Amino acid sequence: ASYRRLNYAAQLNYARKFGKHGVTGTGVFMRERYVTGSAWNTFREDWVFRATYGYDNRYLLDANGAYNGSEKFGPGYRFDFFPSVALGWNISNEKFMQSVAFINFLKLRGSWGLIGDDRAGDRWLYQSIINSGGNALMGSPPANTPYSFFAYGRFGNPDIAWENSEKRNIGVEYSIWNRKISGSVDFFNEDRTDIINTAPLVPSYFGASLPPLNWGTVKATGYEIELRFNHSFVNGIRIWAN
């Protein structure tokens, strides 16, 4: 099928260094309209910003925010704000680390963020679907009266909203012995809430299924360890392992 896609975006960037301080900022606006064949238009809108600050290449701050809009949700729920922040400390750039010759790089970092997801479920879950059930004649001949009847094909949930994922991470990056050994260690956890899922079972005499709800939850936690080895011999041969 033929399709039409219209995108427009605007971006603003800023960067400045003064003394030991460094600041950057970015703002992005994006909007898209997409349609396939004779289907209804699909819309998506995003407002995103990012700001960073660094002092003497030792202390680092990264703040992000996204104000996202999706057509899948009803009025009052289409737009939501999702922030995140990350902190970093380059320990190897501190003066007290200059005496530790075998450490080339050592960085401690941590982050927290909230992410939204609108990919679950069909379009317009907030709207009910009413189907035509046909026509029938009422009354006795010859005074029959035509009667049209309808039935719910799907119940909508006007309060359906974004799924949310809250993520936390703390990690260490390192490089030692002339960068022959390097790697990272990360500990993380994630709490997913408001997951869109079908409602619990209802009695059969209700006559229909309930609409999807934001009621699912998932918790995950774990760690990741990366170790890299790299060495070059005087004859030019290089070996490495990850």
Scan region 114-160 residue by residue and report those that are of a type in the set (A, V, I, L, M, F, W, C) and closer than 30 Å to residue 214 by Cα. 114, 115, 120, 124, 125, 129, 130, 150, 151, 155, 160
Selection status of residue 136, part of a loop (DSSP other than H, G, I, E, B) and farther than 30 Å from residue 88 by Cα: no
One residue from 77, 67, 126 being in a loop (DSSP other than H, G, I, E, B), modelled with pLDDT of 85 or more, within 18 Å of the chain's Cα centre (by Cα) and not polar (S, T, N, Q): 77
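Please count how many residues of region 57-113 are farther than 30 Å from residue 213 by Cα and either open to solvent by 60 Å² or more (accessible area, probe 1.4 Å) or not acidic (Asp, Glu) (or both).
If we filter region 57-113 for residues that are farther than 30 Å from residue 213 by Cα, which is where we start, we get 57-63, 86-110.
Now drop any that are not either open to solvent by 60 Å² or more (accessible area, probe 1.4 Å) or not acidic (Asp, Glu) (or both), which leaves 57-61, 63, 86-93, 95-110.
Selection size over region 57-113: 30.
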Just wondering, is there one or more residues in region 191-207 that are in contact (Cβ under 8 Å) with a residue 24 or more places away in the chain, of a type in the set (Val, Ile, Thr), assigned to a strand (DSSP E or B) and open to solvent by 60 Å² or more (accessible area, probe 1.4 Å)? no
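If I go through region 1-12 residue by residue, how many of them are open to solvent by less than 100 Å² (accessible area, probe 1.4 Å) and polar (S, T, N, Q)?
2
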Is there any pair linking a residue in region 222-240 that is over 14 Å from residue 182 (Cβ atoms) to one that is in a strand (DSSP E or B) and open to solvent by 100 Å² or more (accessible area, probe 1.4 Å), with Cβ under 6 Å and at least six apart or on different chains, and which? 223/187; 232/238
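The values are calculated or read from the model by the stated rules, or taken from the named source; none is laboratory data. Keep in mind that what you see is a predicted model, and the values were worked out from it rather than measured. As a convention, Cβ positions derive from the backbone with ideal geometry for all residues, glycine included, and neighbour counts pool all protein chains shown. Side chains are part of the model used for accessible areas, which takes the heavy atoms of the whole protein and leaves out ligands, DNA and RNA. Shrake-Rupley method; radii C 1.70, N 1.55, O 1.52, S 1.80 Å.
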